[in-house]
Every structure is written in structure tokens, then in C-alpha cells.
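Everything on this sheet refers to the single structure shown next.
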Amino acid sequence: MSARRFTVPLHGAFVLLTSTLGLLSYAAAQSLVPANDTVLHVFQGGSADGILPAGGVVFDSAGNLYGATIYGGSGGSDCIGGSCGTVYELTPPAQPGGAWVETILYNFTGVSHNQDGELPNGGLVIDAAGNLYGVTAYGGTGGCELFGGVDGCGTVFKLSPPSQPGGSWTKTTIYSFQGGLDGDLAMGSLTFDAAGNLYGATQYGGGFGTCNAPFYQNCGTIFELSPPKKQGGTWTERVLYSFKGGTDGANPNGGLIFDKYGALYGTTYYGGGISRTGQTTCEGNAGTGCGTVFRLEPPVASNAAWHEEVLYRFRNWPTDGALPSAGVVADEMGNLYGMTLAGGSNEEGAVFLLSPPGQQGGIWTETVILNLGGPVGAQPMAGFILRSGSLYGTGSSDGVYSAGTVFRLGQGAGGVGSYSVLCNFPAGNQVAEPESSLTFDKSGALYGTAQAYDHEINGAVFKVDN
């Protein structure tokens, strides 16, 4: 397969909130908050380092950080974009104020080298044993073609730590998507259930709908991967739902959450088919619709079909958000919170609340609780996390210096119902364009990744005090 360079269509547990967020206004913005971030690592690309982080970072029990990059590494030049991506580790300094040390744990090699994955497409998750799990958008044994070459349909991978300190990590492809009725182009973070099964999304495939044809086929899937019963066995994949486009969702985002009954909740970037004028205001690669929030209910009988319900269809500017690019979080009352990349009164995204109906079978109620843009940040590419009743997120653009922000909703200077900006990323020789979800350390500091540094599209890992 010859090297081909082009733009790749990559967009990015049930959690508890202690209070309901009220309607917010820009008057609460702390617009002059300084850039209080610390840069832990700047990606250099080439064969020795990754470039462009894929999602955020996760901690292990020893305080090391792990993440993936979409491109870079020594895995070969024949992958899409000219490089195949990496998984990296950042080790904290022995003394406060010292430098974090990066180690490349794995260089992806692509379909031309043992049918490996290529181009990681989402953050990693970690299990109790320290194994890392993630997805690649391309690669694997599937026969999916793009622009005349077989690039694979994507993979799910596992990286296992060495048995002895200083040893090599072991990478295993636990599933290769096949396209067609199966998924194609896995994206977003995976989710564990209590039994150790993994759940995730593919942006295309599934056998239904026409989304971004002829380059990609169908409108995406939600899948389950069950671990082998014996060590060394094969993981078992099952497609739980295939999106149809139109009034159904299209192109799911991953980052799913469970409720206490075992139902899954998530968002689709397109689909829904609703507009203000009778024609869709979000054409996109799904053809119709500004995105949805959905629920998947497990079957009563084993191996029966899961049931999908569209809880909400976004309507776009001026009264609603559009194009959610990440999943949702939920409080103990079952309210769902999330963000959209577009829409809102400023056309730069919105924060939404979905309230469940008072009785079974009723209609969920959506409220836009914050129109993004301006000092709080805009165009969020990732979802919320929460701590002590507050939601924490990133805006990939705007802020005081138009380089993005880290912000908090729910508990700020004005109390519950306000927002505060924790970091305004400045222009110049600094981090810009944060597009990942955030991660807390034990002290409450926040960690994430950004796509740019010093006006270069390369990426960095940062820390923000909270």
C-alpha cells in the first residue's frame, strides 16, 4: 500500500452530580483568568515520537500517565497520513518541578505489517491489572478500502505491562472490524461493564443507511466485546445496534455510559432528521440531522436484540445545539448533561441538559443551560467529567486569547448554577486547542491534551490546577 496523505474523518460508567445546573449567563465568566497550565510534554512527531494526541490521558496506580497519538512513531510511512500512531507513557518527576519523561510503549505499523492497527482514534481505558485498551480507526484484517487502497476497518487493541520492570509491553489486537454488517472506523473511548466486557462505537458500517458514501458505507454501530473464558482465547464481538440515519441517529461517538439497569447512553454526531424549517440544517456526511442522544436497553432474553430509543434530536441554531462530538454524563436523578460542537445562539456550541420524563414512555425534556462562545470557550470536541457536583470541560477555541479554555460548571464564585474559567490558553509559545476530556489526579488537578503548541499542529499534554 503506497503512502496517501489526506484529511481523516476523526471527530474524540454512570457518573453522579449532586445538584441540577441552572441557566447560565456570560456575566459569570472569569474572563481574565491567566494561563495557569503546566506543559508536561510537547509531541515532536517523526520516528521517535507521536504527534496529534488521540483523546485524553489516564493514570495508573503509580501516577504514570498513558495516552495515544493519531500519527507519528516508527511504524512505517505507508499508513494513512504517512505514519501510524503510538501509545505513550509519561512518568512523573522524582522531585517536584522536574520534567516528566515520555516513553513510547508501542508503534502501530498498519495493514502492510502483520495487519496491525493504524491511527488510534480515542482515549485509552485501563483495568485493575494495568492493561490498556483502545481503538484504531484503520488497520486490522478487514477489507475496507479508501481512495483505491485497502486500509482496514479498524481494530480494538490491548497493551499489557511487562512482568518485570523495564521490560517491553505486549500489544494484542483483540478484534479487527470487517465492515459491511460489522463496524468500520472505530472511534472514541471504550467502556467496561462489571463483568469485564468492553463497549464502544464505530462511525460507519453496520449495514444500514448511506452516510458519507462512496468513501464510507452505512451509519455506524454500537458493539460489545466479551473476553475469552480461558487465558489466550479469543474475544467475541457482537453488534448491539446498527444506526439507520434519517430520523434515527448516525455516526455514534463512543464514550458510552451505563445506568443501574444496564442500559447504555450515548450520542450520534449526525442523524435525527429534525430542523426548524422542514429541511435539515445539518447536512454533513449523514445526509440529514444535527445529531441525537440515544439509549440502548439490554434484552431480557440472552442473545436477543438490544432496543434503541432516540431520546432527543438536536435542532441547531438559534435555539438549540448541533453535532454532539462526545457522549453524556448523568446525575443520580437520571438527568443527562453534554455538549455540542455547533449550534447555540453564538453558533459555537452549547451545553445541554436532558431531563427524563415523569412517567415511563414520556418525552425527555431538553434545556440549553449555556451557549458557548466568547470567554468561556467554544466548539467543544470532548465531553464532561465531574467532581464534587461540578462539571469540567474544555473549549477547543475562543477564550480570551482564542486558543481554548478549561472551564467548570456548577460550583464557581457564584455558587451552583455558575461557570468559571480555570484556564485561558494564551497565544504564542504555548498549548492551544484542547480537544480531550479531562482527568483528575489525587490532588484534584486536571490533565488533558491539546492539538497545538507554539502555532504548530503537533500536540501537547498539560496540567491545570483546580
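Readers should treat all values here as calculations from the given coordinates under stated rules, not as data from a laboratory. What you see is a predicted model, and the numbers here were worked out from it, not measured in a lab. No Cβ is skipped: glycine too gets one built from the backbone with ideal geometry, and neighbour counts run over all protein chains shown.
Kindly give Rg over Rh for segment 171-239, based on alpha-carbon atoms, with the Kirkwood expression for the hydrodynamic radius.
On the Cα set of segment 171-239, Rg over Rh gives 1.03.
When the Karplus curve 6.51 cos²θ - 1.76 cosθ + 1.60 is applied with θ = phi - 60°, which whole-Hz ³J(HN,Hα) does each residue of segment 368-383 get, with x for Gly and Pro?
In residue order, the calculated couplings are 7, 9, 7, 8, 7, x, x, x, 6, x, 8, 6, x, 9, 9, x Hz.
Cβ neighbours within 10 Å, averaged per peptide: list 71-81, 391-401, 327-337 in order, most packed at the top.
391-401, 71-81, 327-337
In vacuo Debye scattering of segment 368-449, one point per C-alpha: log10 I(q)/I(0) at q = 0.12, 0.18, 0.26 Å⁻¹?
Normalising to I(0) and taking log10 leaves -0.30, -0.69, -1.33.
Distance from the Cα centre of segment 370-386 to that of segment 215-277, in angstrom?
Using only Cα atoms to place each centre, the spacing works out to 24 Å.
From the mean inverse distance of alpha carbon pairs (Kirkwood) and the Cα radius of gyration, derive Rg over Rh for the chain.
In the chain, Rg relative to Rh is 0.94.
Long-range amide H contacts for LEU422: which residues qualify at under 5 Å (H placed 1.01 Å from N, peptide plane, sequence gap of 5 or more or a different chain)?
VAL406, PHE407, ARG408
Would you calculate the separation in nanometres between label points at SER160 and ALA62, each defined as 7 Å from the Cα along the Cα-to-beta-carbon direction?
1.8 nm
Taking 0.36 nm per residue of sequence separation and subtracting the Cα-Cα distance, how much length would be gained by fully extending the chain between ALA445 and LYS260, in nm to one decimal?
Computed gain between ALA445 and LYS260 is 63.7 nm.
Mind listing the long-range amide H neighbours of TYR241? Cut-off is under 5 Å, sequence gap 5 or more, other chains count too, H placed in the peptide plane at 1.01 Å from N.
When sequence neighbours closer than 5 places are left aside, the close amide H contacts are ILE222.
Taking the Cβ-Cβ separation of ALA213 and THR170 as r and a Förster radius of 56 Å, what is the calculated FRET efficiency to the nearest 0.05?
That pair, ALA213 with THR170, gives E of 0.90.
When the Karplus curve 6.51 cos²θ - 1.76 cosθ + 1.60 is applied with θ = phi - 60°, which whole-Hz ³J(HN,Hα) does each residue of segment 424-438 get, with x for Gly and Pro?
9, 6, x, 6, x, 6, 7, 4, 8, 6, x, 10, 10, 5, 9
Multiply the residue gap between ASN114 and THR141 by 0.36 nm, knock off their C-alpha separation, and tell me the result in nm, one decimal place.
Contour length minus Cα-Cα distance gives 8.8 nm.
Sorted by average packing, counted as other Cβ atoms within 10 angstrom per residue and highest first, what order do 440-448, 402-410 take?
Per-residue Cβ counts within 10 Å, averaged per peptide and sorted highest first, yield 402-410, 440-448.
Between SER302 and TRP235, how high is the FRET efficiency from 1/(1 + (r/R0)^6) when r is the Cβ-Cβ distance and R₀ = 22 Å? Nearest 0.05.
0.75
If I take every Cα pair under 8 Å that is 6 or more residues apart in segment 339-466, average their sequence separation and divide by the length, what percent do I get for the relative contact order?
16 percent
For a test of understanding, tell me how many lysine pairs in the chain have Cα atoms under 20 Å apart, given they are 8 or more places apart or on different chains.
Value for the chain: 6.
5 Å is the cut-off here: which amide hydrogens, built 1.01 Å from N in the peptide plane, fall below it relative to SER345, excluding neighbours closer than 5 in sequence?
none
Could you order peptides 169-175, 54-60 by the average number of other Cβ atoms within 10 Å of their residues, highest first?
54-60, 169-175
Please list, in order along segment 321-338, the HN-Hα scalar couplings obtained from phi with the Karplus expression 6.51 cos²θ - 1.76 cosθ + 1.60 (θ = phi - 60°), rounded to whole Hz, x for Gly and Pro.
x, 7, 6, x, 9, 8, x, 10, 10, 9, 9, 5, 8, x, 5, 10, 10, x
In the chain, which Cys residues have no partner Cys with a Cβ closer than 4.7 Å?
Isolated Cys, the chain: CYS423.
Give me P(r) over segment 121-194, computed from all C-alpha to C-alpha distances, binned every 10 Å, as integer percentages.
The percentages, shortest bin first, are 20, 43, 27, 9, 1.
For segment 349-398, what is the convex hull volume of the alpha-carbon atoms per residue, in Å³?
98 Å³
Give the calculated FRET efficiency between GLU456 and ASN36 to the nearest 0.05, with a Förster radius of 22 Å applied to their Cβ-Cβ distance.
0.50
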